[in-house]
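Remarks on the structure that follows.
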Amino acid sequence: MMPRYQNGYIPSSELVLIEGNHPATRGTAARWEMLKADVLANEGVRLRITGGENAYRSYAGQVFARNAACAEGRCNDAAVPGTSSHGGSLNGRDSGAIDVSNWAELGKDTFYAYCRRNGFEPGYFDWEPWHIIDWAPYTVPATSGGGVTPASPAPTKERSDMEFISITNPAEVKLGGL
């Protein structure tokens, strides 16, 4: 399967603003709102997107991010332009990515559990625990319509080897991977 758009070139007609100034696809925006509401309701924490272009990132934004990182001697902190998961595709798949500035308030295990149950994959890049990926950025989840309906009990703060998994719309499940 090919990504819907070339990395960094999603048309503005496919994007909405979240958190006031961060562009995202409608599906990713809906999942983000669900994640935020779930965490706020169960943990009392308001998740925030890291400042800068840290949801959808245009190609020009990717060039800027890479140049800025390299100027500080940390080129590996920003993807080569045209390859960023923030650009709408990663390794030939559609993707929507968000960097969450205050994820650590929950602790990594709890944050990851909430991300998974709201449709994001955390930990894809293990060195970036704040970076979450939506593999269905153009599919708006059915549960995003009149508020958030928790699909499972809130994750516990204790360490657990169990992952919290919920299926809120069986039609979105694809066998053989994401």
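The values are calculated or read from the model by the stated rules, or taken from the named source; none is laboratory data. Keep in mind that what you see is a predicted model, and the values were worked out from it rather than measured. All Cβ positions, glycine included, derive from the backbone under ideal geometry; neighbour counts span all protein chains shown. These area figures cover heavy atoms from the full protein model, side chains too; ligands, DNA and RNA do not enter into them. Shrake-Rupley method; radii C 1.70, N 1.55, O 1.52, S 1.80 Å.
What pairs can you find where one residue is in segment 16-33 and touching a residue at least 12 places away in the same chain (Cβ under 8 Å), the other is part of a helix (DSSP H, G or I), and their Cβ atoms are less than 7 Å apart, with a gap of 6+ or different chains?
V16/R26; V16/A29; I18/A29; I18/W32; A24/W32; T25/E14; A30/S144; E33/S144
Is segment 26-35 home to any residue that is surrounded by 18 or more Cβ atoms within 10 Å (Cβ to Cβ) and more than 12 Å from the chain's Cα centre (by Cα)?
Checking segment 26-35: not a single residue is surrounded by 18 or more Cβ atoms within 10 Å (Cβ to Cβ) and more than 12 Å from the chain's Cα centre (by Cα).
Residue-wise test of (1) under 15 Å from the mean Cα position of the chain (by Cα); (2) crowded, with 21+ Cβ neighbours inside 10 Å; (3) among the aromatic types (F, W, Y); (4) modelled with pLDDT under 95.
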position: G88; (1), (2), (3), (4): yes, yes, no, no
position: A97; (1), (2), (3), (4): yes, yes, no, no
position: E105; (1), (2), (3), (4): no, no, no, no
position: G119; (1), (2), (3), (4): yes, yes, no, no
position: P129; (1), (2), (3), (4): yes, no, no, no
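So, in segment 1-52, how many residues would count as being in a loop (DSSP other than H, G, I, E, B), touching an Asp or Glu at 6+ places or on another chain (Cβ under 6 Å) and closer than 15 Å to I133 by Cβ?
The qualifying residues number 2.
Considering only residues of segment 1-19 that are under 16 Å from the mean Cα position of the chain (by Cα) and farther than 15 Å from Y59 by Cα, which is most open to solvent (accessible area, probe 1.4 Å)?
Selected residue: L17.
Here is a list of conditions, (1) out of contact with any helix residue (DSSP H, G or I) (no Cβ under 6 Å at 6 or more places or on another chain); (2) modelled with pLDDT under 95, and L17 meets all of them except one; can you say which number that is?
Of the numbered conditions (1) out of contact with any helix residue (DSSP H, G or I) (no Cβ under 6 Å at 6 or more places or on another chain); (2) modelled with pLDDT under 95, the odd one out for L17 is (2).
Residues A55, A69, A97, A65: which one is in contact with a His (Cβ under 9 Å, 6 or more places away or on another chain) and in a helix (DSSP H, G or I)? Break it down stepwise before answering.
Details: A55 fails: in a helix (DSSP H, G or I); A69 fails: in contact with a His (Cβ under 9 Å, 6 or more places away or on another chain); A97 fails: in a helix (DSSP H, G or I).
Sole residue among the options that is in contact with a His (Cβ under 9 Å, 6 or more places away or on another chain) and in a helix (DSSP H, G or I): A65.
Tally up the residues in segment 40-58 that are of a type outside the set (K, R), modelled with pLDDT of 95 or more and out of contact with any Ser or Thr (no Cβ under 9 Å at 6 or more places or on another chain), please.
Of the residues in that region, 6 qualify.
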